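Asker: I'd like to ask you about the structure that follows.
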Amino acid sequence: MKFAAIGIDHRHIFGMSANLMAEGAEFVGWWTDGAPEPLDGFIKRFPDVPRVVDAQTLLDDPEIDLICISCIPRDRARWATAAMEAGKDVMTDKPGCTTLAQLAEIRATQARTGRIWSIDFSERFEVPSVTKAAELVAAGAIGRVVQTVGLGPHRLNRATRPNWFFDRDAYGGILTDIASHQIDQFLFFTGSTEAEITLATAANLAHPGDPGLQDFGEIALRSGTGHGYIRVDWFTPDALPTWGDGRLTILGTEGYIELRKYVDVCGRAGTDHLILVNGTRCEVIDASGAGMPYFARLIADIRDRTETAMPQAHAFTVMELALRAQAMAEGGA
């Protein structure tokens with residue numbers, strides 16, 4: 001399977017590309033507009049992959065199966081629809097789009113072309129502890145899942161952020177952007193195919209000099225099978241040794257799982273700490289070796305025209321809920 005990249009404005013393109021290559025995919029070319037901040041790091045990681053002079057070269061190449069997209073969020077829908085129209089499958093960084101109108105166009109294009117439009121929700125697909133949690137839930141370790149609590153704190157790193165990062169229309173708002181991760185996890189672990197947003201907040205609480213930034217957001221949602229609470233923010237303090245203390249708690253009828261994904265402030269080294277408590281077990285599990293099956297599954301889906309990595313409807317539902325939560329938080333419908 002051959003893939004190419006359009007837009008490297010966000011560092012998530014590093015993981016998207018490296019994880020595909022680790023599963024045997026061939027990275028054959030990339031294009032981006034100008035010289036975005038991740039450019040030097042990207043070239044160091046992928047020095048042998050050629051940059052082309054325009055994106056159309058990649059779209060016109062019949063040997064390319066998949067286009068990875070990590071440009072400025074407001075432009076992702078445009079490139080995704082262009083790629084699908086060109087006969088390519090798409091893996092896009094989150095958020096996959098920034099408006100409901102864009103989402104409607106993506107839905108229509110996907111239905112017309114039959115191509116795959118997948119979103120790499122890295123806080124699930126690039127986190128081995130989530131893989132382990134999914135295995136435990138499927139095995140009945142905590143009974144039926146009734147709630148998730150997803151926390152997505154991030155470090156602002158103000159000095160290195162590009163101008164578009166502070167432009168609400170460019171990044172789509174904090175709930176559209178960051179909280180799409182936690183909505184994805186809520187739907188996945190509760191087995192929900194739809195949900196209702198019951199609370200949505202997006203605010204700038206501490207950065208008056210950057211009026212376009214939303215530094216805090218929260219969502220409450222429910223479905224026929226579960227409840228969820230989400231908090232996202234840009235308040236990670238400098239002393240934390242990583243970009244954010246991302247956590248997920250999965251409550252079941254017979255126990256619970258807590259994931260400390262990127263760091264354990266209690267002192268355990270490494271990442272992917274899974275806490276399992278049920279009727280017979282109360283333990284911390286090192287889940288760092290549980291794997292990241294999304295990428296191999298997506299390659300298989302491209303080959304077999306299946307939906308094992310993520311159902312197509314799931315990607316649409318996550319983005320619709322994120323966009324509707326953003327609108328609610330900002331006083332819209």
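Just so you know, all these numbers are worked out from the coordinates, no wet-lab data involved. If you're wondering where the values come from, they're calculated on a predicted model, not measured in any experiment. Heads up, the Cβs are rebuilt from the backbone with ideal geometry, glycines too, and the neighbour counts pull from every protein chain shown.
Asker: How do 16, 91, 292 line up, fewest other C-beta atoms within 10 Å first?
Answerer: On the way: 16 25, 91 29, 292 19.
Taking fewest neighbouring Cβ atoms as first place, the list is 292, 16, 91.
Asker: Calculate how steeply helix 294-304 sits against the longest principal axis of the alpha-carbon atoms of the chain, using the helix alpha-carbon long axis, and give the answer as 0 to 90 degrees to the nearest 10.
Answerer: 50 degrees
Asker: Could you tally the net charge around residue 192, taking each other residue with its Cβ under 14 Å from the Cβ of residue 192, Lys/Arg +1 and Asp/Glu -1?
Answerer: That works out to -2.
Asker: What net charge do the residues around residue 269 carry, taking every other residue with its C-beta under 13 Å from that of residue 269, with Lys and Arg at +1 and Asp and Glu at -1? Working shown, then result.
Answerer: On the way: positive: 260, 268; negative: 264, 272, 286.
Spelling it out: positives minus negatives among the neighbours equals -1.
Asker: In the chain, with Lys and Arg counted as +1 and Asp and Glu as -1 at Cβ, which of these residues, 17, 197, 35, has the Cα nearest the positive end of the dipole, that is, farthest along it?
Answerer: In the chain, that residue is 197.
Asker: Treat every Asp and Glu Cβ in the chain as -1 and every Lys and Arg Cβ as +1, leave all other atoms uncharged, and give the resulting dipole magnitude about the Cα centre to the nearest 20 debye.
Answerer: Here the size comes out at about 420 debye.
Asker: Can you find, among 235, 3, 98, the residue farthest towards the positive end of the dipole of the chain? Put +1 on the C-beta of Lys and Arg, -1 on that of Asp and Glu.
Answerer: Comparing the listed Cα positions along the dipole, 235 ranks first.
Asker: Taking Cα centroids, how far is the stretch 255-325 from the stretch 157-217 in Å?
Answerer: The two parts, judged by their Cα centres, are 20 Å apart.
Asker: So, one more: Going by how many other Cβ atoms sit within 10 Å of their own, how do 223, 129, 192 line up, fewest first?
Answerer: 223, 192, 129
Asker: Go ahead and run the numbers for FRET between residue 44 and residue 243, Cβ-Cβ distance against an R0 of 22 Å, rounding to 0.05.
Answerer: On the way: r = 19 Å, r/R0 = 0.87.
Efficiency computed from Cβ-Cβ geometry: 0.70.
Asker: Classify the stretch 124-291: rounded, prolate or oblate, from the alpha-carbon gyration tensor (a ≥ b ≥ c, eigenvalue square roots; a/c under 1.5 rounded; otherwise prolate if a/b is larger than b/c)?
Answerer: oblate
Asker: Summing -39500 (n - 2.57) over the DSSP H runs of n ≥ 4 in the chain and dividing by its residue number, what mean residue ellipticity at 222 nm do you reach, to the nearest 500 deg cm²/dmol?
Answerer: My calculation for the chain gives -10000 deg cm²/dmol from helical runs alone.
Asker: OK, next. Just how large is the dipole of the stretch 124-291 about the Cα centre, in debye to the nearest 20, putting +1 at every Lys and Arg Cβ and -1 at every Asp and Glu Cβ?
Answerer: Using only the charged Cβ atoms, the result is roughly 200 debye.
Asker: Rounded to the nearest 20 debye, what is the charge dipole size of the stretch 1-79 about its Cα centre when +1 sits on each Lys and Arg Cβ and -1 on each Asp and Glu Cβ?
Answerer: 280 debye
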